[in-house]
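The values are calculated or read from the model by the stated rules, or taken from the named source; none is laboratory data. All of these numbers come straight from a predicted model, not from anything done at the bench. Please note: Cβ atoms are built from the backbone with ideal geometry, for glycine as well, and neighbour counts cover all protein chains shown. Heads up: the accessible areas ignore ligands, DNA and RNA and are worked out on the full protein's heavy atoms, side chains in. Shrake-Rupley method; radii C 1.70, N 1.55, O 1.52, S 1.80 Å.
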Amino acid sequence: MPVDAASPAVFTYYMELRKDPITRSWVMTGDDPAGGAPRPETACRFCPDSPEATQVISAIPSAAGWSARSMVHPTPLYHIEGEPGRRGDGIYDRMSSVGAHEVLVENPRHDRQLWQASDDEIGMFLRLAAERILDLKRDPRIKYVSLYKDYGPNAGQEFSHPTSQITATMFVPRRVLYELRAGREYFVQKERCVFCDILAQEERQASRVIEGRGDYVALGPYAPRVPYETWIMPRNHEASFERTGLSKPGLRTNLAALVRRTLQRIRTVTEGFHLVLHTSPNSLHPSKTLGYWKTIDEDYHWHIEIMPVLAAKARSYTFKEVYYSPVSSETAVKQLREAKIDG
Ligand SMILES: [Zn+2]
Ligand SMILES: [Zn+2]
Ligand SMILES: [Zn+2]
């Protein structure tokens, strides 16, 4: 595929998923003419009555109309139409980026971020998130649903309106896959959930617990990947966020308060952060080939991970659930081969 800046019209747009045969993680790569850069925003697409609004998928109603709603992502990474066409290529595996990509509007107000919202508003957003995850899991092709929020210019924030995003994929993102495998191995050895054991020890030692709120705890992990990394976990064992999120509104209020208070704490240290929910994969449609689905309700424990972005303190780290590389290796190699070098 030639890179010809002079004639962008003939440029082929083609992103696909490729599996790294060593780590078994999927990456999204291809030649994206926009280079993966956020598209410029004109009028806010997510304010109520926006002329540029995309299709609304579902909404949590309120007296004012809606309190949180889910919309089609204006430039989705995953598309619901089409066939994944998973195929081999020698030792390699590839498939099309079939799935779903939604924007969850956390609040109708453009200037009301999660940490400024009321616990009731955050609770509505959490309910919407749980509903969307459950709904997307009804599609038997979907293996995993990710919920994440990137905030701040150094965190890859895409929209100025208070939003999170959801991707539904036909594979489990690598970080979650590592956790699932580790959870299963621990369970095989000890017949206990590793996350429950971590929580029990942290609550006993109390040196890394930030705050407990009802059924939820915010803590700093023993081996943080970045400074001020924070996890929010339910005290009682539960593999699936969406089950808790839908069944117990009282629990949701405590979770909402803890999310709000924890983000406020983190924002005293730095503006930007990544937030990601880790919940169980699609066990409504268990995979026959993957054994961890059998014990998933016992050995996995949902949680929220918050990774603050400290430009000065974190020299190099990667926080990516799925790598996204908008230049394919084929194009990159062609360019590097033809590069003028000194000899
Ligand atoms: Zn807005
Ligand atoms: Zn547990
Ligand atoms: Zn996790």
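So the values come out like this:
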| read-out | value |
| --- | --- |
| Strands (runs of 3 or more DSSP E) contained in the stretch 67-106 and holding at least 3 residues in contact with a strand residue (DSSP E or B) (Cβ under 6 Å, 6 or more places away or on another chain) | 92-96, 99-105 |
| Every pair of residues 6+ apart whose Cβ atoms lie under 9 Å, when the first sits in the stretch 230-241 and is without any contact (Cβ under 8 Å) to a residue 24 or more places away in the chain while the second is open to solvent by 10 Å² or more (accessible area, probe 1.4 Å) and in a strand (DSSP E or B) | none |
| Test: residue in the stretch 158-176 that is outside any strand (DSSP E or B), away from ligand 1 (no atom under 16 Å from the Cβ), among the acidic types (Asp, Glu) and surrounded by fewer than 21 Cβ atoms within 10 Å (Cβ to Cβ) | no |
| Complete set of residues in the stretch 331-341 that are open to solvent by 70 Å² or more (accessible area, probe 1.4 Å) and modelled with pLDDT of 75 or more | 334, 335, 336, 337, 338, 340 |
| Pair list, Cβ under 7 Å, 6 or more apart: the stretch 171-189 residue more than 12 Å from residue 281 (Cβ to Cβ), other residue part of a loop (DSSP other than H, G, I, E, B) and at pLDDT 95 or above | 187/193 |
| Candidates 147, 136 - the one that is within 15 Å of ligand 3 (Cβ to nearest atom) and open to solvent by less than 20 Å² (accessible area, probe 1.4 Å) | 147 |
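One line per residue, one yes/no per condition, for (1) within 22 Å of residue 146 (Cβ to Cβ); (2) among the aromatic types (Phe, Trp, Tyr); (3) open to solvent by less than 60 Å² (accessible area, probe 1.4 Å):
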{"site": "61", "(1), (2), (3)": "no, no, no"}
{"site": "80", "(1), (2), (3)": "yes, no, no"}
{"site": "83", "(1), (2), (3)": "yes, no, no"}
{"site": "86", "(1), (2), (3)": "yes, no, no"}
{"site": "105", "(1), (2), (3)": "yes, no, yes"}
{"site": "113", "(1), (2), (3)": "yes, no, yes"}
